[in-house]
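A short write-up of the structure that comes next.
The values are calculated or read from the model by the stated rules, or taken from the named source; none is laboratory data. Keep in mind the model is a prediction, meaning the values are calculated, not measured. Cβ coordinates were reconstructed from backbone atoms using ideal geometry, including for glycine residues, and neighbour counts include every protein chain displayed.
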Amino acid sequence: MMKPTTIGVTLLAALLGFCIGAPAASRALVSADDWVGLWRGTYVCAQGVTGLFLTVSRSGQGEVTAVFKFFAVPENPGVPTGEFDMTGRPEPQGNHLRLSPDGWIARPPGYFTVELEGDFDEASGEYSGQVRGWGRTRFILRRG
């Protein structure tokens, strides 16, 4: 009976990890279709750190629509839930998307819409950048 070598076991473990979901390199996001999906993360604004779900859909002619849904996170439990529509167009060179507010779906008292402008990092899989509205702050999102 043959005993597995350390190299053989290591190689087998690496191959299994690759086959069952090891992270793959991301590709550039160029078209509207490339941005479609649910993006999850946080942003910081006047109310502090806030949870964010950004649901992006293709809207035609190379444009996207999105629903910006914000909510409380454990570090900041007092934030209300709210959501508004957004529109945008990916930059033709890829990995850059600017989204502008388009109207409230559910507006908590005293809250204002914001604009997102950022870049997708192929290495990290993150879409991050500036929140523009009441001051300049940051957002960071991952698909999923």
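Is there a residue being charged (D, E, K, R) and over 19 Å from Leu38 (Cα atoms) anywhere in region 119-136? Before the answer, list the steps.
First pass over region 119-136, keeping only residues charged (D, E, K, R): 119, 121-122, 126, 132, 136.
Restricting the remaining residues to those that are over 19 Å from Leu38 (Cα atoms) gives 132, 136.
Yes, region 119-136 has at least one match.
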Exercise for the section: Assess whether Glu75 counts as being over 17 Å from Ser128 (Cα atoms), crowded, with 16+ Cβ neighbours inside 10 Å and either modelled with pLDDT of 95 or more or among the hydroxyl-bearing types (Ser, Thr, Tyr) (or both). Expected result: no
Practice task
Mind listing just one residue for me: the one in region 43-72 that is at pLDDT 95 or above and among the polar types (S, T, N, Q) and, of those, surrounded by the fewest Cβ atoms within 10 Å (Cβ to Cβ)?
Solution key: Ser57
Practice task
Would you be able to tell me the number of residues in region 104-140 that are more than 19 Å from the chain's Cα centre (by Cα), under 18 Å from Thr87 (Cα atoms) and either of a type in the set (S, T, N, Q) or surrounded by 16 or more Cβ atoms within 10 Å (Cβ to Cβ) (or both)?
Solution key: 0
Fill in the blank from the handout: The condition from (1) in a strand (DSSP E or B); (2) at pLDDT below 95; (3) surrounded by fewer than 13 Cβ atoms within 10 Å (Cβ to Cβ) that Gly17 misses is numbered (1)
